[in-house]
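The values are calculated or read from the model by the stated rules, or taken from the named source; none is laboratory data. Keep in mind that this is a model prediction, so the values were computed, not measured. Counting neighbours? That spans all protein chains shown, and the Cβs are built from the backbone with ideal geometry, glycine included. Surface accessibility is based on the protein's heavy atoms, side chains included, excluding ligands, DNA and RNA. Shrake-Rupley method; radii C 1.70, N 1.55, O 1.52, S 1.80 Å.
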Amino acid sequence: MSIEVATHDEAKTPHARAWVWPMFVVLLLSGSVVSGVVTAIVASRDPSVAIEEHYYEKSMHWDEDARARAASDATGWLVDASIDPASDSAAAPAQRTLRIVLTTRDGVALAGAHVEAEVFHMARRADAVILELAPEGNDATSNAYSGAFDAPLAGRYRVRLRIDRGPEHFVRTLDIEAADSDTACIMPHALDRKQENATC
């Protein structure tokens, strides 16, 4: 009668193999977590990605915003807006100027308004700036208002205007195509198409 005795390595093999699948699952889950963290870091550093500020409050007040747009249409005001080409001067590199001309539908100039604008490139939402546009030439009788801002990129800019003149208030959202030439294309935002057509 013969007796087979298992070697030490043979006896250890089943126990060692038992760890293969648990380790595989752990490595798979760890890889998923690492890839998620890396994706979040890359996304947070992308200047083209940004969450709309106070988006929840804005959604809750959508009806009020719609009434404000309707009241703006009722004023009969018209806005002619443009963004000039980037400056090549050493003193003000990559700077542009937002310029608006404010009139009524009858062509009457509207001077003495307080004009505020939020401006951002469509690919750089996180770099939005708030401008207070001053009457050109510091002339209180001028209906042309402008303000300079740093804007190294050509392309489409979104401009959210708020204009106050006496008891009247006016809001308008425009998309303006700013090129590296003397031409610019003005496109009304989808919610504001009653007033202006695209002009290039």
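Would you point out which residue out of Leu131, Leu110, Leu174 is under 18 Å from Asp80 (Cβ atoms), touching a Gly at 6+ places or on another chain (Cβ under 6 Å) and either open to solvent by less than 70 Å² (accessible area, probe 1.4 Å) or at pLDDT below 85 (or both)? Of Leu131, Leu110, Leu174, the one residue that is under 18 Å from Asp80 (Cβ atoms), touching a Gly at 6+ places or on another chain (Cβ under 6 Å) and either open to solvent by less than 70 Å² (accessible area, probe 1.4 Å) or at pLDDT below 85 (or both) is Leu131. For Arg162, the criteria (1) open to solvent by 50 Å² or more (accessible area, probe 1.4 Å); (2) among the charged types (D, E, K, R); (3) over 19 Å from Thr104 (Cα atoms) hold in every case but one, which is (3). Return yes or no: is Glu53 loosely packed, with under 10 Cβ neighbours inside 10 Å and either modelled with pLDDT under 80 or in a helix (DSSP H, G or I) (or both)? No: the conditions fail for Glu53.
Against the condition closer than 18 Å to Val171 by Cα, modelled with pLDDT of 90 or more, open to solvent by 60 Å² or more (accessible area, probe 1.4 Å) and among the small types (Gly, Ala, Ser), how does Ala74 come out, does it pass? So Ala74 passes the test. For segment 77-100, residues that are modelled with pLDDT of 90 or more and open to solvent by 30 Å² or more (accessible area, probe 1.4 Å) total 5.
Restricting attention to segment 177-200 and to residues that are acidic (Asp, Glu) and at pLDDT below 85, the residue that is least open to solvent (accessible area, probe 1.4 Å) turns out to be Asp192.
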